[in-house]
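Peer 1: Below is a structure I'd like to ask you about.
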Amino acid sequence: IVCLALGVGTIAAVGSVGSALEGAGSGGARTFLGGDLEASIGYRAANAEERALFNSFGRVTEVIEIAARATAGSKSALIGLRAVDGAYPLVGAVGVTPAAGEGGALAGLLAPKNGVYGAVAEPLLFDRLGLKPGDLVRIGNESFRLAGTLDQLPDQALRGFELGATVLVSTSSLSGTGLLGPGVLARYRYKIALSGHSYAEAAAEIRER
């Protein structure tokens with residue numbers, strides 16, 4: 001009787017937890033993805049026709065992801081470089097602890113100051129390079145000021161495994177790094193917050209076009 005009671009109780013508990021997790025996942029799906037829909041392209045940016053199609057469905061943000069290396073003095077570290085535009089994030093919020101003398105929204109932290117673009121990085125990068133917020137770090141051919149510590153990304157859960165620390169910069173700063181050359185393993189992600197369209201019809205039209 002005790003074993004039966006324990007078995008029934010365990011099954012009920014597992015069922016309740018499973019339902020709760022499923023409900024939480026469904027409710028937070030937009031935040032996990034960073035929008036309602038994501039279209040991704042490898043090796044190149046969306047062309048004008050593709051970008052116009054994405055824009056026709058609602059608000060769009062472009063995220064470019066590159067495996068790169070950051071250096072400071074004689075030390076270097078592998079990083080997951082993530083370049084974002086001014087619309088990012090469409091859903092949720094980026095958690096950042098600004099460096100001393102820095103403040104404002106994410107776009108302000110990543111903007112150039114005295115000719116130097118800003119970057120926010122996970123604590124792992126500071127540990128590996130022996131840096132602190134406010135210091136300079138070199139990525140490719142460009143120097144960045146570490147304008148803050150990256151605490152949280154709303155769409156971090158769907159990015160998968162990464163070897164290096166995540167570093168967030170603005171898309172406008174990428175040209176100076178020299179990283180977007182031929183053959184570079186870059187992933188261009190276009191996150192869309194739908195307006196007046198369903199996911200099914202938007203996804204079908206993107207696949208068709």
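FYI, it's all coordinate maths here, none of it is from the lab. Quick caveat: nothing in here was measured; it's all calculated off a predicted structure. When we count neighbours, we look across all protein chains shown, and the Cβ atoms used for this are built from the backbone with ideal geometry, even at glycine.
Peer 1: Calculate the all-directions average of the projected area of segment 59-167's alpha-carbon convex hull, and give it in nm². Show your work: numbers first, answer last.
Peer 2: Values: hull surface 27.0 nm².
Directional mean of the projected Cα hull area for segment 59-167 stands at 6.8 nm².
Peer 1: Tell me the angle of helix 199-208 to the major Cα principal axis of the chain, expressed in degrees between 0 and 90 and rounded to the nearest ten.
Peer 2: Once rounded, the angle reads 60 degrees.
Peer 1: Please tell me the relative contact order of the chain in percent, rounded to the nearest whole number, where contacts are Cα pairs under 8 Å and at least six residues apart.
Peer 2: Values: 377 pairs, mean separation 69.5, N = 209.
It rounds to 33 percent for the chain.
Peer 1: May I pose another question? Using the Cα atoms as the points, what is the convex hull volume per residue of segment 124-199 in Å³? Intermediate results must be reported in sequence, preceding the final value.
Peer 2: On the way: hull volume 11.8 nm³, N = 76.
Expressed per residue, the convex hull around the Cα atoms of segment 124-199 is 156 Å³.
Peer 1: Next question. Percent of alpha carbon pairs in segment 112-151 separated by more than 17 Å?
Peer 2: Values: 162 of 780 pairs.
When all Cα pairs of segment 112-151 are counted, 21 percent exceed 17 Å.
Peer 1: Show the residues, 5+ positions off or on another chain, whose built amide H is closer than 5 Å to the amide H of D135.
Peer 2: L146
Peer 1: Given R₀ = 35 Å, what would the calculated FRET efficiency be for D151 paired with L185, taking r from the Cβ atoms and rounding to 0.05? Each step should come with its number before you reach the end.
Peer 2: Working: r = 27 Å, r/R0 = 0.77.
Approximately 0.85, to the nearest 0.05.
Peer 1: Give me the one-decimal nm value for the distance between modelled label points at R59 and F32, 7 Å along each residue's Cα-to-Cβ direction.
Peer 2: 2.2
Peer 1: Relative contact order of segment 120-200: what whole-number percent is it, with Cα pairs under 8 angstrom and at least 6 residues apart?
Peer 2: Relative contact order for segment 120-200 comes out at 31 percent.
Peer 1: Based on the Kirkwood radius over alpha-carbon pairs, what value in µm²/s does the Stokes-Einstein equation return for the translational diffusion coefficient of the chain at 20 °C and 1.002 mPa s?
Peer 2: Details: Rh = 19.0 Å.
In µm²/s, the coefficient is 113.
Peer 1: Can you give me the P(r) profile for segment 65-125? Cα pairs, bins 10 angstrom wide beginning at 0, each as a whole percent.
Peer 2: 17, 48, 32, 2
Peer 1: Another question, if that's okay. Compute the long axis of helix 48-57 from its Cα atoms, compare it with the longest principal axis of the Cα atoms of the chain, and write down the angle in degrees, 0 to 90, nearest 10.
Peer 2: 40
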